[in-house]
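Enquirer: Before anything else, here's the structure in question.
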Amino acid sequence: MGNSLVFVYPKDTALDNLKSILSQLNVKITQTDEINNGLGIKVSVIYNNSPFSMVLYFSNKTKQSTKIVFENTPQELQERIQSRIGKEVVPLTEKKQSQYILALI
């Protein structure tokens, strides 16, 4: 784990936007699961025959997506996704990593 990417879209279109970007990059989505009572969607994928996942987070307050957290995602793919979105990939602090891990449990 280690990086997140700002990803702000209306909640009702955010997942479709992410799916579209991943499709353009030849990333195959194998599964999506709602987590944290709807505050996130875990997206399991395969890229270059390697499985990994990312989590798309939402804010109940703004009714928008807020970020994508990458889980074991190759750096090269993170950069390709970043270039499609035009936002900066931000390393997670240790505190944020701990909060993220607890949220998945």
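The values are calculated or read from the model by the stated rules, or taken from the named source; none is laboratory data. Model, not experiment: these values are computed from the prediction. Don't worry about glycine lacking a Cβ; one is built from the backbone with ideal geometry, like all the others, and counts go over all protein chains shown.
Enquirer: Say we look at region 57-80 and pick out the residues that are over 12 Å from the mean Cα position of the chain (by Cα) and basic (Lys, Arg); which of these is nearest to residue 14 (Cα to Cα)?
Expert: 63
Enquirer: May I ask you to list the residues in region 45-56 that are in a strand (DSSP E or B) and more than 10 Å from the chain's Cα centre (by Cα)?
Expert: 45, 46, 47, 50, 51, 52
Enquirer: Is one or more of the residues making up region 33-54 of a type in the set (Gly, Ala, Ser) and buried (at least 16 other Cβ atoms within 10 Å of the Cβ)?
Expert: Yes.
Enquirer: Next question, about the same structure. List every residue pair whose Cβ atoms sit under 6 Å apart, with the two residues 6 or more apart in sequence or on different chains, where the first one lies in region 56-67 and is closer than 15 Å to residue 5 by Cβ and touching a residue at least 60 places away in the same chain (Cβ under 8 Å) and the second, anywhere, is aliphatic (A, V, I, L, M) and assigned to a strand (DSSP E or B).
Expert: 67/6
Enquirer: Another question about this same structure. Scan region 1-26 and report the pairs whose first residue is within 25 Å of residue 48 (Cβ to Cβ) and whose second residue is among the β-branched types (Val, Ile, Thr) and modelled with pLDDT under 90, with Cβ atoms within less than 6 Å and a gap of 6+ or a chain change.
Expert: 3/89; 4/90; 5/89
Enquirer: Return the only residue of 62, 73, 66 being modelled with pLDDT under 95, surrounded by 16 or more Cβ atoms within 10 Å (Cβ to Cβ) and not in a strand (DSSP E or B).
Expert: From the options 62, 73, 66, the qualifying one is 73.
Enquirer: I would also like to ask the following. Quickly run through region 36-49 and pick out the residues that are farther than 16 Å from residue 63 by Cα and of a type in the set (Val, Ile, Thr).
Expert: Hits for region 36-49 are 43, 45, 46.
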